[in-house]
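Scroll down for the structure; my scribbles are underneath it.
The values are calculated or read from the model by the stated rules, or taken from the named source; none is laboratory data. Note that the coordinates shown come from a computational prediction; the quantities given were computed from them, not determined experimentally. Cβ placement follows ideal geometry from the backbone for every residue including glycine, while neighbour counts extend to all protein chains displayed. To get the accessible areas, we keep the full protein, side chains included, count just its heavy atoms, and leave off ligands, DNA and RNA. Shrake-Rupley method; radii C 1.70, N 1.55, O 1.52, S 1.80 Å.
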Amino acid sequence: MNGRFVACMGALTAILTACGGDVAADPTTAPSTAVDHCTDPLKNATTTVNARELAFCQAEALGKLAGYVQEDTVNGKLATRSRANMDPLAVEIESFDRGGKESGRVILVGGNTFVLREDAWVQATSDSSDETLAFQSTLPMRYEALLNPKARAAGTDPALEYKVVGSDVVDGTPVTVLTLTVNDDADRLVSKLFIRDDYVVIRSESEYTVNGKESTRTATLTAVDEPQDIINPRFEDDEHRSELEAAK
């Protein structure tokens, strides 16, 4: 296990990193473990839920939403705030430093990545000499992979099992509570998901230890199924706002 894997697993809703890369399974897995539809694993689950089956349902459910807002905290402090629309896909991510000050802003729209630098929008491209921009240019593709049920399932280790630990109510919404523990040498991850019956995870809580350092991470969804107002920095006018395009 490494830090990148743990950070990804900490918020299984819509983190913009290809988490499957560190818990990957061969997409050519035998049919007995392949998943090509949502099996509704929570329906009759009494003790455990297979992570691969859950991943398919999660991706499918997320893709059906009009939009949402997600806030991620690390050790109790706001780290990122994301606003997203699913169709057409558009995501705005704000990052914050430890003092709570905005430290970065990125918009994914139309398959492109725009990064705010020195009060000006810069388009990230794969051939950029700036390694950070080159990587950021891949974010739309990575995000789309997380919304692809078959790809999301294929990239999830079928040996992982969530434990069903009970039910709860989060912001007035009934949820099922699942936990997952992963150990690898001295590293450890304990993740808790609060998931609706339609497989939308509205909150996740994770405690992880990497190289002896302990951290906690939470991800919370609000404004669920509500379209977000996201500009296209290439135009920055009302006609190209994501919410308005989605409503047409």
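A few points about this structure:
- With all protein chains kept in place, the per residue accessible area of region 125-176 amounts to 57 square angstrom at a probe of 1.4 angstrom.
- For the listed residue pairs 43/213; 150/213; 150/192; 77/213, the alpha carbons are over 28 angstrom apart in 43/213; 150/213.
- The length gained by stretching the chain between residue 98 and residue 213 to full extension, at 0.36 nm per residue less their Cα-Cα distance, is 39.7 nm.
- Accessible area ranking (1.4 Å probe, heavy atoms, ligands and nucleic acids excluded), largest first, for 234, 217: 234, 217.
- Net lengthening on full extension, residue 225/residue 179 (0.36 nm per residue, minus Cα-Cα): 14.1 nm
- Over all other residues within a Cβ to Cβ distance under 9 Å of residue 178, the charged ones net out to +2, with Lys and Arg as +1 and Asp and Glu as -1.
- Whole-percent carbon and sulfur share, accessible surface of region 86-223, 1.4 Å: 45
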